[in-house]
Amino acid sequence: MSAKSSSGGVSSSPILPKPTNNASPPPVSSGFNARTLWPDLIETPENQWVFECKDIIEKIGSNEPLALEMKRNMEKCLMYFYTLKKKLNLFDHTYTASCILFYRYWFVYGIPTTITECIHISQGILVTACKTMENNRPIEAYVKGTCEFLMQNIPALKSRTNIDKLKWEFRDKLVTNEKKILCLFGFDLNISNPKELIEEVFSGYYRFNRDHNLPENFKKAFPKILQESRTFMVQAVTQPVSLLCDGYTFIALSLIYCGLEYKKLVDKDFKYPKNFFKDRFPIQVTSDNFANIFTDYKLLEENFFNLKSNKGVKLQIDSGMVHSVIDETSDVENEISQFSDPFNYELIRSGEVEEEFLNHIETRVNDLLEKAKQESMKRKAKDPIKASDAKKQKI
């Protein structure tokens, strides 16, 4: 491995001394680059977690009584995630991650036939999602919240089960199932959480640099669309849409849906700026492709759960409707790449900064400086300071 030196050249990696018993750290070389030799995040292997709609529906099975019982247990597990999110004050990121991991587990391994065993698995998934997305909670908090949920949903447990004994059972199961789930997923926790990705794609850094020159009417409308898009994702993740598309496709799907709703309810002339999706997402957004995803989403709703958050007929979106709100070029050769994006945060953080980005930053800083000077002059004109007051000594 090599590291870039401060002078712009490339220096060879330092030869580390042989390990000793006291495990003391090796001396730091002048050419050491912490960003290169010690990454912020060690990436785990990624598997294919996107499947065809037909395969997802066929996973339910043809046995009607067993399918109904399975869907009833799955719905209880999703309710469990939402209840524990409220009890433990978890982020929406954690809730969406729990649902994504739960559907992956169900699709590959299935779920137990009893609700108690299903909640055991769900508890392990929730803890795994919490450790991945945010600060972990004490084990007693998970166990207490899980037991209370079961007592409320299975009243027979109150009469025949000792609550303290049940807590110890869930505590032991949690330790076992957490290890089991990590192994079954192959330690692949790169879930491409859409709720997390949307905050990164439209973070303050990108609003300041990449998105500063958008049309003014779109800048006023987009915050409302973005908020509705976040709500859409939290609701849609209760159906197995996460098995249908990856995180970036999920975000684009939500933005297109909310853009169509905004066009229908607020502004009939609304449309995303040219290449809005192409400049921000590593996927190709086409009218036909996303019209098919909306159709598949509607089929999943009809075959899985009847929830209040279901969109129903609103998902009857054809390619013409999608085309009315997007303006994307179809040149495949010019698809955006993270290596050609001057505003790519990961490359900038590693020290690889392009001249285009440096010139852009200089222009933006000068604009902000000029704006600050003008505002200062306006304030002085409105509230002039007397010369005698200015010369007073401070006590």
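The values are calculated or read from the model by the stated rules, or taken from the named source; none is laboratory data. Please read all numbers here as calculations on a predicted model, not as lab measurements. When we count neighbours, we look across all protein chains shown, and the Cβ atoms used for this are built from the backbone with ideal geometry, even at glycine.
What number of residues in region 231-250 are within 15 Å of LEU307 (Cβ to Cβ) and in contact (Cβ under 8 Å) with a residue 24 or more places away in the chain?
Within region 231-250, residues that are within 15 Å of LEU307 (Cβ to Cβ) and in contact (Cβ under 8 Å) with a residue 24 or more places away in the chain number 10.
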Which of the numbered conditions does LYS274 fail, given that it passes all the others? Conditions: (1) free of Cβ contacts under 8 Å to residues at least 60 places away in the same chain; (2) touching a helix residue (DSSP H, G or I) at 6+ places or on another chain (Cβ under 9 Å).
(2)
Check region 187-195 and report whether any residue there is modelled with pLDDT under 90 and more than 18 Å from the chain's Cα centre (by Cα).
yes
Checking the conditions here, which among LEU243, LEU260, LEU226 is of a type in the set (A, V, I, L, M, F, W, C) and over 19 Å from the mean Cα position of the chain (by Cα)?
LEU260
Do we find a residue being farther than 24 Å from ARG210 by Cα, acidic (Asp, Glu) and surrounded by 16 or more Cβ atoms within 10 Å (Cβ to Cβ) anywhere in region 241-259?
no
Tally, over region 107-127, of residues that are closer than 15 Å to PHE149 by Cα and among the aliphatic types (A, V, I, L, M):
4
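When only residues in region 122-179 that are of a type in the set (Lys, Arg) and modelled with pLDDT of 80 or more count, which is nearest to ASP92 (Cα to Cα)?
LYS131
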Looking only at residues in region 183-213 that are among the hydrophobic types (A, V, I, L, M, F, W, C) and more than 26 Å from THR249 (Cβ to Cβ), which one is surrounded by the most Cβ atoms within 10 Å (Cβ to Cβ)?
PHE208
Requiring at least 1 residues that are of a type in the set (S, T, N, Q) and either modelled with pLDDT of 90 or more or not assigned by TED's automatic domain parsing to the domain that holds ALA221 (or both), the helices (runs of 4 or more DSSP H) wholly within region 270-354 are 287-303, 319-323
From the set of residues in region 72-124 that are basic (Lys, Arg) and crowded, with 17+ Cβ neighbours inside 10 Å, which is nearest to GLN152 (Cα to Cα)?
LYS76
Filtering helices (runs of 4 or more DSSP H) wholly in region 47-155 for at least 2 residues that are out of contact with any helix residue (DSSP H, G or I) (no Cβ under 6 Å at 6 or more places or on another chain) and within 22 Å of ILE293 (Cα to Cα) gives 53-58, 92-109
Residues of region 238-266 being of a type in the set (A, V, I, L, M) and in contact with a Phe, Trp or Tyr (Cβ under 8 Å, 6 or more places away or on another chain), in sequence order, are VAL241, LEU243, LEU244, ILE251, ALA252, LEU253, LEU255, ILE256
Residue under question is ILE57, and the condition is that it be at pLDDT 90 or above and surrounded by fewer than 19 Cβ atoms within 10 Å (Cβ to Cβ); does it hold?
yes
Region 194-209, residues that are farther than 19 Å from PHE277 by Cβ and part of a loop (DSSP other than H, G, I, E, B)
none
Counted residues in region 305-330 being under 16 Å from PHE270 (Cα atoms) and surrounded by 12 or more Cβ atoms within 10 Å (Cβ to Cβ) come to 8
Taking the criterion of being under 22 Å from ASN310 (Cβ atoms), buried (at least 21 other Cβ atoms within 10 Å of the Cβ) and under 26 Å from the mean Cα position of the chain (by Cα), would at least one residue in region 126-147 satisfy it?
no
